[in-house]
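The values are calculated or read from the model by the stated rules, or taken from the named source; none is laboratory data. Just so it is clear, the structure is predicted and the values come from calculations on it, not from any experiment. Virtual Cβ from ideal backbone geometry, glycine too; neighbours counted across all protein chains shown. Remember, those area values only see protein heavy atoms, side chains included, never the ligands or the DNA or RNA. Shrake-Rupley method; radii C 1.70, N 1.55, O 1.52, S 1.80 Å.
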Amino acid sequence: MRRILLVLSCLLFASCQSNTGDAPPHVGIDRVSEREKLIDVVGMKADIARLSSDEFEGRGVGKRGDAAARAYIAQALASSGIQPGMPDGSFTQPVPITGIKSEVIRPLQAFGKGGDALFAERDDWTCFAYSPATESRIERAEVVFVGYGITAPEQNWDDFKDVDVRGKVVLIMNDDPSADPSLFAGKTRLYYGRWTYKYEEARRRGAVGAMIIHTTPSASYPFQVVQSNHAQERCWLPFSAEQPLALAMWLTEEASKRLVTLGGRDLGVLRAAAEKRDFRPVVLDVAVSVATRNDVRSLESGNVVGLLPGTDPELRDEAIVVTAHFDHLGIGTPKGGDAIYNGALDNASGCAAFLAFARALSGSRPRRSVLFVSVTAEEQGLLGSEWFARYPTIPRKKIVANFNIDGVNIWGRTRDLRLIGHGKSDLTDVLTSEANRRGRKLLPDANPEAGLFYRSDHFNFARIGVPSVFLGSGSDFLEDGETRRSVQRSYTALHYHQPSDQFDSRWRLEGAVDDLQLLFSAFCRVVDASGRPTWTRGDEFEKQR
Ligand SMILES: [Zn+2]
């Protein structure tokens, strides 16, 4: 048997040899290990420095910096030989976005049997309009505590039970229950634990207002992050016809305690009850009033879409999508005299990586097509990627995988790196083998409770059934581990979504380059593989495939 195989392989080898004379051009991405070297510190720095410069004004959606960033990215793609990806021969997929900026005209006031209270805007609470009306008004609406506010039939969990919250204001805990490891994936945050889900569910239930109780552990970021977004224009894809939720609010933990105390309740007791499946909503004997005036307008924005066509007759109709959001928060509340939220790490760095991928693929002949999609309005709720997933430029069943880049490792070279959503699909195996080959270690998400898998653009691809890859930085540094880990850890507290997320020439992009070369190499394998990646059996997104 072994001899037969040997003979066969010799024959195959011989036939390959004899074909080289009139062979068609190489099909598949050639010289991957040379190409990956085109992802380098110098190129990355140049793009990050430029896109995060004040010239782009923080790339706020619909603002001058939005158009400027799209033009810069399209130009850079074109110069790497990437074609316009839209059917009309352009790089722009327009995304219809409504911008709503709310101004509080009546501050949050609560009326309970224990007295009335006025809450300080920004310090105690923030809000935004959740409908395109020019005024949002809540008038002495009853407040109902709904625990986590989750309806999850597959977990046999329903926080609302038979309680009707139409026309009421719901007070909701952030995150999802994590005490029982068999429920809601234990400490891992599922989509049910995201604040976006809370408001969506409150709207489905017909509430007029929704208040999320902020705690730093349950949000995974401090209240100042919520405050930064306050009074900013927020962006929306077209609204569906019925949209009863008027206002979406965040309350600090302190303010939440005060609010429930007015009804003679204790927040700790309420929260403890909400950990159990038999929890029932609690009417708080508190009513609230609040109103905003809303400035509603249409914004001009879009996704940048580029295409590197595949060359394999069998596979070229399929595509792998690379994504990196280009938007950030624009110009906002000044901090320390600076009002431009430059978003250097978030996500000029991802755009630089995205453009480095384009450079590295320049002149290659991949088997499958590669779509380069730099999306808008990620910071506004992943809107650009949602739009692309709704209206992809190729049939959605032909999208084989998504590689999303949002932030890179700026702290230095590491032995390890993280795969957010580790184990969700067999893309994990491709990345693991690529990491092993380089003597590195691919680890699961260090913070599964932060729900990072649901917080960037790959989530919208997962939602339509496309397996996705999203890397996180490692922390096992080759040098100065202690110092670098502390700098890395303090980023969220100090710079995340702050004007101080600025490019610094001291950034150690060697770390990013290591990670991205590994990612690129895995990416090339997926692009050229004969088979398609698949979800792990039983994964929450498997059924969408
Ligand atoms: Zn981001």
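With each label modelled as a point 7 angstrom along the Cα→C-beta vector, the residue 534-residue 118 pair spans 6.4 nm. Converting phi to 3J(HN,Hα) with the Karplus coefficients 6.51, -1.76 and 1.60 and the offset θ = phi - 60°, segment 497-502 yields 6, 10, x, 7, 6, 10 Hz in sequence order, with x at every glycine or proline. In a simple Cβ point-charge model (Lys, Arg +1; Asp, Glu -1; nothing else charged), the chain has a dipole of about 880 debye relative to its Cα centre.
With the helix formula -39500 (n - 2.57) applied to DSSP H stretches of n ≥ 4, the chain reaches a computed 222 nm mean residue ellipticity of -8500 deg cm²/dmol. Express the relative contact order of the chain as a whole percentage, based on alpha carbon pairs under 8 Å and six or more residues apart in sequence. The normalised contact order for the chain reaches 21 percent. Counting only heavy atoms of the protein chains and using a 1.4 Å probe, residue 293 has close to 120 Å² of accessible surface. Counting only Cβ charges, +1 for Lys and Arg and -1 for Asp and Glu, the dipole size of segment 190-344 around its Cα centre is about 800 debye.
Counting protein heavy atoms only, segment 374-508 has 49 percent of its accessible area on carbon and sulfur, 1.4 angstrom probe. Note that segment 459-470 has calculated 3J(HN,Hα) couplings of 4, 5, 6, 4, 4, 9, x, 8, x, 9, 10, 9 Hz, one per residue in order, obtained from phi through the Karplus relation 6.51 cos²θ - 1.76 cosθ + 1.60 (θ = phi - 60°); glycine and proline are x.
Projecting the Cα atoms of 169, 495, 538 onto the charge dipole of the chain, computed from C-beta unit charges around the Cα centre, puts 538 farthest toward the positive end. Straight-distance candidates among the lysines for linking to residue 101, with alpha-carbon spacing under 16 Å and chain neighbours fewer than 8 residues away dropped: 63. When only the Cβ of Lys, Arg, Asp and Glu is charged (+1, +1, -1, -1), the dipole of segment 99-296 relative to its Cα centre reaches about 60 debye.
Counting 0.36 nm for each residue step from residue 338 to residue 162 and taking away their Cα separation leaves a gain of 58.4 nm. For residue 478, nonlocal amide neighbours, meaning residues 5 or more places apart or on other chains whose placed amide H falls under 5 Å from its own, are 413, 414, 415. Cross-link pairs exceeding 25 Å between alpha carbons, from the set 198/335; 187/543; 113/198: 198/335; 113/198.
The HN-Hα couplings worked out from phi for segment 198-205 by the Karplus form 6.51 cos²θ - 1.76 cosθ + 1.60 (θ = phi - 60°) are 4, 5, 4, 5, 4, 5, 4, 7 Hz, whole numbers, x standing for Gly and Pro. Among the protein heavy atoms of segment 99-296, carbon and sulfur supply 50% of the accessible surface, probe 1.4 Å, non-protein parts ignored.
Modelled spin-label separation between residue 494 and residue 109, with each label point placed 7 Å from Cα along the Cα-to-Cβ direction: 4.4 nm.
Could you pull out the GluC sites (Glu not before Pro) across segment 446-545 that fall in loop regions by DSSP (anything but H, G, I, E, B) with no more than 11 other Cβ atoms inside 10 Å? Qualifying residues, ordered by number: 479. In this structure the amide hydrogen of residue 61, modeled in the peptide plane, comes within under 5 Å of the amide hydrogens of 328, none closer than 5 places in sequence on its chain. Averaging the sequence gap over all C-alpha pairs within less than 8 Å and six or more residues apart, then dividing by the number of residues, gives segment 348-440 a relative contact order of 30 percent.
Every pair of different Cα atoms in segment 99-296 enters the Kirkwood calculation, which places the hydrodynamic radius at 16.8 Å.
Accessible surface area normalised per residue over the chain is 41 Å², counting heavy atoms of protein chains with a 1.4 Å rolling probe.
Convex hull volume per residue, computed on the Cα atoms of the chain, equals 166 Å³. For segment 199-264, the mean projected area of the C-alpha convex hull, equal to one quarter of the hull surface, is 5.7 nm².
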